[in-house]
Structure formats: C-alpha cells, structure tokens
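Notes to accompany the following structure.
Since every read-out is calculated from the coordinates, none of them should be taken as a lab result. Everything numeric in this text was worked out from a predicted model, so none of it was measured. Cβ coordinates were reconstructed from backbone atoms using ideal geometry, including for glycine residues, and neighbour counts include every protein chain displayed.
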Amino acid sequence: MNWFVFAARNLLRNQRRSAVTILAAAFGFAAVNVFGGFTTYMFDNLRDGFIYAGGNGHLQIFRTGYKENATTDPGKYLVPGELYERLTHLPETDGRIRLVAGTMELTGQLDAGDRAGIFVAKAFQPSHRDVFFKESKTLGRGASFLDNGTALSDESPNEIGIANGVERILGLKIGADVALMARTVDGQINVVDATVRNTFASPSSELDEKLIVLPLRLAQDLVQTEGVGRIAVLLKHRRDIPAVEKSLQALLEAEGGGYEVKRWDEESEFYQLTKKMFNMIFGIVFLILIGIVSMSVMNTMSMAIIERTTEIGTLRALGLRRAGVIRLFAMEGMLIGAGGALAGMILSFIVWLFIKIQSPVWTPPTIGRKVPLEIGLVPEYLLMTTIFLIVLTFAAAVIPARRASGQGIVEALGHV
Amino acid sequence: MSLVHVRSAHKTYALGDTLIEALKGVDLTIAEGEFVAIWGPSGSGKSTLCHLIGIIDQPTSGCVEFDGVDVLALSDDARSDLRNRKIGFVFQNFNLVPVLSALENVQLPLQMQGVPDEESRTQALEMLTKVGLEDHADHWPKKLSGGQRQRVAIARALINRPSVIVADEPTANLDSENAQKIIDLMRSLNREFRTSFVFSTHDERLLASVDRKVHLLDGLITEDVKVPSK
Ligand SMILES: Nc1ncnc2c1ncn2[C@@H]1O[C@H](COP(=O)(O)OP(=O)(O)OP(=O)(O)O)[C@@H](O)[C@H]1O
Ligand SMILES: [Mg+2]
C-alpha cells in the first residue's frame, strides 16, 4: 500500500460525490477540447480559404501604393510585365515555391445589351486557378465554387465567370455575350467583348451583384497593359513563408525597390479579426470552466476534509507532517483531475464521433457555401489540457488541505 | 533514566468569558519502561495531561521535555517526527483508518517514514501476531470487534518501537472483560519491549497490574504511588 492507493481509496469513500466532481472536470475538459478543436478546424479553413480558394497564395507582391490606389489609378502601380514574366520562372529555380500567379483587380461597366451594371473584377490566369484549387488541403479542395457552367480555361481567353447576383440583376444566361468597359492605363476608355461561361457564389454578399472573374489576358487587354496588380506566390509548405519572404524582398530590392512582400496573415484582416474574437471567446469559456472545475474540486475536498477531521488528527498524532496531510489531499485532487481528463477524453471522442456521423453543415464566412462541420481533436491540446487539469485540481485541493493541516491536533481528534 | 518530564505545567482553556484551568501546575516524570496509570474523575485533566506527554498539545505555561529536549523549542515537523519515531498513541475510539485493512493501519507509521512496503508489511504482520490478530490482517476495521480494533491500534502504536505509548482511556469503549484484556496486553508488551506505557482511566479496577498510579484531581496530582513490582 502506498499513499497513492490510500488517496484512491479515499475517493471511493463517497463515490457519488467523487463521480460528480470527476464528471464536472470531464465536461470542462471536453468543452475546452471540442471548442478548441472546432476553432482549430475553423482557423485552418479560414487560412486555407484565403490562401487557396481565395487565390491569394502564401505571399503577395505588389508595388508600394498599389493597395491604396488600385481602384482610382491602377495603371501607375502595376508590376511591369517584364518583371512578372521573370518571377513566373521562380519555381524552376526555387524548390520551395509552387507557383507565381499574377492577378489584377479592376472595376468598370458591364454591358448586357438591354441592361448594364458596375462590375468589380478579379482576374487571373485560369490554369493558375486550377493549381490553387488542386493544392488546397481543406475546404474547397479540388473544387471550384461554380454553380453553373464550366471553369474558365486558358484556351478561351474571352470567356468570363459572373457571380449569381450579377446573373440575376442583369438577366444573363450561360453563353450570353457581354461587353466590358473600363479605363486603360493611359486613361482612355476601352471595351472588350466576352462570353459568360459560368456563374458562381460570391464569397461576400456585398459583392454578389458586382463580382466577375476574368482571365488575366482579357483584363490586361481591357486596360492595355502587360503588367499585373498583385502577384500571389504559392508555396509548397507553410513553414517556408519567412524564408521565402526574405529572399523575395532581397530579389525585389535588387530590382530597384518600391515593392512590398506581404505574408498571407498580414493581408487577411478577416482571419486576424476572427481569430482575435474567437481567442477571446475561448479565453472567457476557459476561465469560466477553470472557475467551475476548481470550485467543484475545492468544494469536494473541503467536504472530505471536514468529514475526515478526526482522521487527519490521528495521522498527525501518528507523526504525519503537515506537508504529508497536504500531499495526501493533493493526490486525491490530482486523481480527480486525472480521472476527469480520462473521462473528458472519452467524452470529447464521443462528441467528435457524433459530429463525424451526423456531419452537420454550416456556412463559414469567406467561403460562401455550406461545408461539413468538423472538429479536429488536437493531440497537443488534449495533452496540455490533461496536464493543466491535473495541476488545477492539485491546486484546488491544496488550498483547503493547507487549512486542514494547520489546525490543532487535539481539536481535530476531538472533532465529531 | 527519565524519558518524559512535565514541569509545572498549566493548561487553561477559554470557554467564552470563563477560563477553565484544566491543569494547575503538574510535575510528572515518566521513566523508561514504566507502566503508569493516570486516574481520576471526569474533568480532572487526564486527557489534557496525556496530550502534553504525547506532544500533541502544549502547556499554557511550564514545559515538557522529551529525552532531555524541550519540545516547545522544536519545529512542528520536528515534533511530528518525534511522535512518529518515539511516541505511540492509542485512542479511546480506536481511530483506525477505515479505508485501510488492519495490516495497513499497522503499517502507517512506517509508511510515514518511507519504509518500503514489502518491509513494513513483514514488520506489521509480526506486530499483529504479537497482539494475536495475524488471522485478521486483511480485515477492514469495521469487521473487527472493539477489542480487536484496540489491539490493532496497539500494534500500530508499537510498530516503530517507540519509547513511550500514550493511551487516553483506551478501555472506555470496551466491556470490562475486554478492558482488562487490553490492559494485560499492554502490560505484557511493556515487559517484552521495555516500552513505557502511560494510560488514563477512571476505572479503579484496572489499576491492579500497574507500576505506578498517578491520581489527578481538579488539575492537580494528588497522589503518585509506585507499586512494588510483583
Ligand atoms: N477544548 C476545551 N475547551 C474548553 N475546556 C476544555 C477543553 N478541553 C478540556 N476542557 C476542560 O478541561 C478540563 C479537563 O478536561 P480533560 O478532558 O483533560 O479531563 P479528563 O480527566 O480527560 O475528563 P474525562 O474523564 O471526561 O475525559 C475539563 O473541565 C474540561 O471541560
Ligand atoms: Mg478524557
């Protein structure tokens, strides 16, 4: 027999009370991990949604001032075609880079014969877009967001995609011919003809009635340039981001400067804000759970201590030091913590399994369509919560135990 | 040689506004191997004196020396260790730990010292044999009779071979036949191990086999008689 067995048997004295306390700890454990698993899943998807589905890549290159002036005077802040052309060959020499994809953002007027409207266009090379979708590891893997029609292709440079809202308000059908009108880099008005090839769900409702996607070539023809607005750099591994960022900065410095290289997380304001918000919610939930768990453990231990006052007096009379009394109750607390972690793990797994089987769907922001809800149980989190829970229950037991160990032996012995 | 030395000990309890003087200046020396009974009516201060001798309480004034050391000067840990190694306790209500078997209860004082389980089991079993309970080693306290429980408690008190065992009314919860058996057992262990025993009682019938009778009345020793050993 050792102290550990002694502590375990003490917990079995009041089985119902111990079970309730362990269950409270288990619920706290499971809540933290399920919620943590959900936020992890969500952040992973927001991240990959931005990098892959959004076509933004891990790093972005643009001229200093482009972001501020892209809509009013885009021509002045484009990356020259000649430089872009050289950058597209980077994957051949730098194994970390998967793809360098030029993009353009522009606004103009879309003329559908009897009706017309403002458009906001994103332009990219269709084959590049396919690479982004193919590389995506989470949401949107392998898929595009097309509702009707087929994906744009390099072979048909005059075919465009339109958001559902544009389709609706302009009454456009697949195959309809339209004219796109915009200012060239020199300030002239230019018009190109295009055919609607597909319709898609817009990632944000504000843009739904304006957004269209163009092949990069068509956009360049429209504004009469060989240059591009932003360059999205897609990497093979996220871990290479800082290193590639540095080498791109050095490379562009050598080109005479005036360029900016931004990481995806600097550019995705939405991700940052969401993450901040969820971290805060998580923090609050975590604090509440800490409070509930530690209070319930403290309550259980206090009750056990009161019930066992005479026994504490006896142990002290037999020569157990104060620290020995504290250690005994701390062990009992830790056992509650360990039991709670174990039960909590089982509970988390059950929730995980339930969600796996039920596969509920939800519509995450920036994706614009229903996706299956998942929670990713993170082993590191499970381990960390286990350690944390044991430390917490240990501390929650020590507080009343300290008081118990300090009381007079004679008073404790006389306690009935 | 004197083992425990209580010197002009006073003990005052505050009960609301009134002060109760449980001990009013007690001098007592316990020698090695003595078998001492402290007897007196209820409220005379027997328990209070036992607590002082067992170093689980401190006098309001006066001092208690153990092996020549003033125990008031010791830290709480040092007093705990002293109790663990040199003092055994037997309680009126037996005070066995209910979740521990008879054997495990006897092991407790050794376990507090960190003696390996294997070793303490052997010793505890030996001690249970001494009190005639080797067959009950695995029994839970609640399955034992009062007399058996008190014998387990005696084995537990003796396991560390202490210098003195303090027993405050060890027989108060036993019938007279069992009470006498417990006193006889303590007496034979006292002879075998040369361990001093100090027990309190208000039952004069139990004083037949003692070396020394200390009579306590109203917090004072009124009589301290050494009985020539038979
Ligand atoms: N904690 C306490 N608070 C107040 N008074 C106390 C306390 N403990 C003991 N007393 C008082 O001190 C006196 C001596 O008590 P003590 O318990 O030592 O006597 P006792 O001889 O052991 O009596 P009993 O035979 O009833 O056990 C009694 O008057 C008792 O009421
Ligand atoms: Mg008493």
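Worth a mention:
- Local electrostatic count, A:Pro91, Cβ distance below 14 Å [Lys/Arg +1, Asp/Glu -1]: -1
- Evaluated at q = 0.08 Å⁻¹, the base-10 log of the normalised Debye intensity for chain B, with identical point scatterers placed on the Cα atoms, takes the values -0.28.
- Basic side chains Lys and Arg get +1 at the Cβ, acidic Asp and Glu get -1 at the Cβ, and with that the dipole of the range A:57-267 about its Cα centre reaches some 680 debye.
- Distant alpha-carbon pairs in the range A:57-267 (separation over 23 angstrom), percent: 46
- Positive-end residue, chain B charge dipole about Cα centroid, Cβ charges, pick of B:Ser61, B:Ala31, B:Val227: B:Val227
- Sorting the segments A:148-158, B:74-84 by their residues' average number of neighbouring beta-carbon atoms within 10 angstrom, most packed first, yields B:74-84, A:148-158.
- Isotropically averaged projected area of the range A:196-252, using the convex hull of Cα atoms (one quarter of hull area), nm²: 6.6
- Dividing the summed -39500 (n - 2.57) terms of all DSSP H runs of n ≥ 4 by the residue count of chain A sets its mean residue ellipticity at 222 nm at -17500 deg cm²/dmol.
- Average partner coverage of B:78-84, which counts Cβ from other chains inside 10 Å: 5
- With a Förster radius of 56 Å applied to the C-beta separation of A:Lys76 and A:Val20, the computed FRET efficiency comes to 0.20.
- Two-decimal log10 I(q)/I(0) for the range B:121-230, as the Debye equation yields it once each C-alpha is a single scatterer, q = 0.12 Å⁻¹: -0.44
- Chain A: angle of helix A:3-13 to the longest principal axis, Cα-based, in degrees nearest 10: 90
- Distance from the Cα centroid of the range A:329-400 to that of the range B:206-227 is 66 Å (rounded to whole angstrom).
- For the peptide A:305-318, the mean number of other protein chain Cβ atoms found within 10 angstrom of a residue's Cβ is 5.
- Per-selection metrics, the range A:45-130 (Cα): Rg and Dmax in Å: 15.3, 51
- Other residues with beta-carbon under 9 Å from the beta-carbon of A:Arg47 carry, at +1 per Lys or Arg and -1 per Asp or Glu, a net charge of -2.
- Our note on the geometry: Cα centres of the range B:53-126 and the range A:230-246, 69 Å apart.
- Each Cα pair under 8 Å and six or more residues apart adds its sequence gap; the mean of these over the residue count of the range A:172-329 is a relative contact order of 12 percent.
- Against the main long axis of the alpha-carbon atoms of chain A, helix A:269-307 sits at an angle near 10°.
- Each Lys or Arg adds one and each Asp or Glu takes one away; over the other residues whose Cβ falls under 12 Å from the Cβ of A:Thr199, this sums to 0.
- Each Lys and Arg contributes +1 and each Asp and Glu -1, all at the Cβ; summed about the Cα centre of chain A, the dipole is approximately 2800 debye.
- Which listed pairs, of A:Lys137/A:Lys236; A:Lys210/A:Lys276; A:Lys122/A:Lys370; A:Lys134/A:Lys236; B:Lys46/B:Lys130, have C-alpha distances above 19 Å, in listed order: A:Lys210/A:Lys276; A:Lys122/A:Lys370; B:Lys46/B:Lys130
- Taking the C-alpha atoms only, the angle from helix A:322-358 to the longest principal axis of chain A is near 40 degrees.
- Listed by chain and number, the aspartates and glutamates whose C-alpha is less than 18 Å from the C-alpha of A:Lys173, apart from same-chain residues fewer than 8 away, are A:Asp111, A:Asp114, A:Asp147, A:Glu159, A:Asp193, A:Asp208, A:Glu209.
- Percent of Cα pairs in the range A:291-416 per distance bin of 5 Å, from zero to the largest separation: 2, 11, 16, 14, 12, 10, 8, 7, 6, 5, 4, 3, 2, 1, 0.
- Alpha-carbon gyration tensor eigenvalues x 5, square-rooted, for the protein assembly as shown, Å: 90, 22, 20
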